[in-house]
Amino acid sequence: MVTASDTESIQVEVVPGRYLMPATAQKLLNEIYGNGGIVRMTIHGPNLPRSVPYGPGKGAPIAENRDLLIEIGGQAFELFVKVGRVRLELESEKFLPGLKAACERALPNISCSIKKGKFFHTRPTISDYAKFGKVEDERILGLIDPKAKKERMAILSEVGVTIEDKEER
């Protein structure tokens, strides 16, 4: 018998016991991506500053936070945050055991908790409308900070996402 929980997408949050270095984050994200069933995913954590924000060295570049390129699913993108949590929307409940196994493979020595809940909104907010205009693909809702100066979203899908073109304000 097929139940509604078998066919509905679920939202989960993966919280490692500590912030992840870029190499470890890449390993975890590749394991999660290889598990399949991902509708959308976002990573959260504190910003990685590119220069010293205050003090006597204010404005000096931080060498260790430059060129933090990670490759997920064959696509490289720059990492702007320390990875502290990963939020996912999975196609159905059947992908959850694979997600737990992927976390155990990628983070064998780090405790990792997986929480189910509602982490993404499903309807456009005023901020989404101000940033994108009319959004046809609802998978991108809530994935970008409306106050961000740059668009910091990588799309790892073969299916195109259409956003109405707007002039930058």
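Each value in this text was obtained by applying a stated rule to the coordinates, not by laboratory testing. Model, not experiment: these values are computed from the prediction. Because the Cβ atoms are built from the backbone with ideal geometry, glycine has one as well, and the counts that use them run over all protein chains shown.
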Inset, instruction - State the Cα centre-to-centre distance between segment 9-79 and segment 97-113 in whole Å. - result: 17
Inset, instruction - In nm, give the distance between the simple-model label positions of E138 and F77, each being 7 Å from the Cα along the Cα-to-Cβ direction. - result: 2.2
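Shape of segment 1-142 from its Cα gyration tensor (a ≥ b ≥ c, root eigenvalues): rounded if a/c is under 1.5, otherwise prolate when a/b > b/c, or oblate? Let's see the in-between values first.
Working: a/c = 2.33, a/b = 1.37, b/c = 1.70.
Oblate shape, in that a/c is at least 1.5 and b/c is the bigger or equal ratio.
Normalised by the number of residues in segment 4-120, what is the relative contact order in percent for Cα pairs under 8 Å and 6+ residues apart?
On the way: 206 pairs, mean separation 57.7, N = 117.
That works out to 49 percent.
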Inset, instruction - Report ³J(HN,Hα) in whole Hz for each residue of segment 112-124, in order, from the Karplus equation J = 6.51 cos²θ - 1.76 cosθ + 1.60 where θ = phi - 60°; Gly and Pro get x. - result: 9, 10, 10, 10, 9, x, 10, 10, 10, 8, 10, 10, x
Inset, instruction - Can you pull the one-decimal nm distance between simple spin-label points at Y19 and T42, each 7 Å off the Cα toward Cβ? - result: 2.0
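Based on the mean of other Cβ atoms within 10 Å per residue, sort peptides 94-105, 22-33 so the most packed one is first. Kindly include the intermediate steps, with their values, before the conclusion.
Working: 94-105: 16.1, 22-33: 18.8.
Descending mean neighbour count gives 22-33, 94-105.
If you only keep lysine pairs separated by 8 or more in sequence, or across chains, how many in segment 77-126 come under 19 Å at the Cα atoms?
6
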